[in-house]
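J.: Mind looking over this structure? Questions follow.
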C-alpha cells in the first residue's frame, strides 16, 4: 500500500530520491500545517546538524510531498536511522494549486520523520544549500522568498542558541571556577 511522505531535508532533492527510492512519485511542493523548520544536533552521535520540524502554531514548513511504496519506506527508514535517530509522526499538509476556478488547496495526510533528540546547532552551509535547492526545485518561484525566510530563521535561531551556549560556558567555566 502506498503512503504519503512529507520531506523537508535531504529528501527534497529529486536526484537523491531517484537513487534512494526509484519508485517514489513526487506529488509536488507543499506545506506542513503548524510546523516550522529548525536545525538540530545530535552531539552524542556525531557532529552533524540535521534539519528538523517542530510544532509551531500558525506556521507552515515548506516540504516536498511524495507518494512512496513499502520498499521506498524501508529505504527511507534506513537512511533516516529509524527508529533510533528519527521517529515517524502523522502530519497534515497541503498543496496550493490553481485551476480555472481560481486557487484551491489540496490536503494530504501522511507521515514525516521527526528527530528523537532536541537541541540546536549551526548547520553546514552546503547542506543548507542542498535543502534550499531541493525545495526550490519543486516550489514555484513565487515561494522562494518564503523558503529562504523559513530556512534563514532556523539558521538564525541556531546561531543564537550556539551563542547562548558559549556564553553559558564562559559564565560557568574558566576563571569563574578558580
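The values are calculated or read from the model by the stated rules, or taken from the named source; none is laboratory data. What you see is a predicted model; the values in this text were computed from it and never measured. Cβ coordinates were reconstructed from backbone atoms using ideal geometry, including for glycine residues, and neighbour counts include every protein chain displayed.
J.: Kindly provide the set of residues from segment 80-96 that are without any contact (Cβ under 8 Å) to a residue 60 or more places away in the chain and surrounded by fewer than 18 Cβ atoms within 10 Å (Cβ to Cβ), ordered by number.
T.: 81, 82, 83, 84, 85, 87, 89, 90
J.: Then there's this: Scan 92, 148, 152, 77 and give me the residue that is more than 18 Å from residue 32 (Cα to Cα) and either assigned to a strand (DSSP E or B) or out of contact with any strand residue (DSSP E or B) (no Cβ under 6 Å at 6 or more places or on another chain) (or both).
T.: Just one listed residue meets the conditions, 77.
J.: Look at residue 135 and say whether it is within 15 Å of the chain's Cα centre (by Cα), crowded, with 21+ Cβ neighbours inside 10 Å and modelled with pLDDT of 85 or more.
T.: So residue 135 passes the test.
J.: Which number in (1) surrounded by 14 or more Cβ atoms within 10 Å (Cβ to Cβ); (2) at pLDDT 90 or above; (3) farther than 11 Å from residue 5 by Cα marks the one condition that residue 42 misses?
T.: (2)
J.: Name the single residue that is surrounded by the most Cβ atoms within 10 Å (Cβ to Cβ) among those in segment 1-14 being at pLDDT below 95 and farther than 20 Å from residue 140 by Cβ.
T.: Among those that are at pLDDT below 95 and farther than 20 Å from residue 140 by Cβ, it is 9.
J.: Here's something else I'd like to know. Could you please give the count of residues in segment 17-42 that are closer than 22 Å to residue 121 by Cβ and not in a strand (DSSP E or B)?
T.: Summing the residues that are closer than 22 Å to residue 121 by Cβ and not in a strand (DSSP E or B) in segment 17-42 gives 1.
J.: Return the only residue of 26, 61 being surrounded by fewer than 22 Cβ atoms within 10 Å (Cβ to Cβ), touching a helix residue (DSSP H, G or I) at 6+ places or on another chain (Cβ under 8 Å) and closer than 18 Å to residue 139 by Cβ.
T.: 26
J.: Continuing with this model, one more query. Taking segment 102-145 only, how many residues are assigned to a loop (DSSP other than H, G, I, E, B), in contact with a helix residue (DSSP H, G or I) (Cβ under 9 Å, 6 or more places away or on another chain) and farther than 16 Å from residue 13 by Cβ?
T.: Within segment 102-145, residues that are assigned to a loop (DSSP other than H, G, I, E, B), in contact with a helix residue (DSSP H, G or I) (Cβ under 9 Å, 6 or more places away or on another chain) and farther than 16 Å from residue 13 by Cβ number 4.
J.: Looking only at segment 103-124, how many residues end up being surrounded by fewer than 17 Cβ atoms within 10 Å (Cβ to Cβ) and more than 15 Å from the chain's Cα centre (by Cα)?
T.: Of the residues in segment 103-124, 6 are surrounded by fewer than 17 Cβ atoms within 10 Å (Cβ to Cβ) and more than 15 Å from the chain's Cα centre (by Cα).
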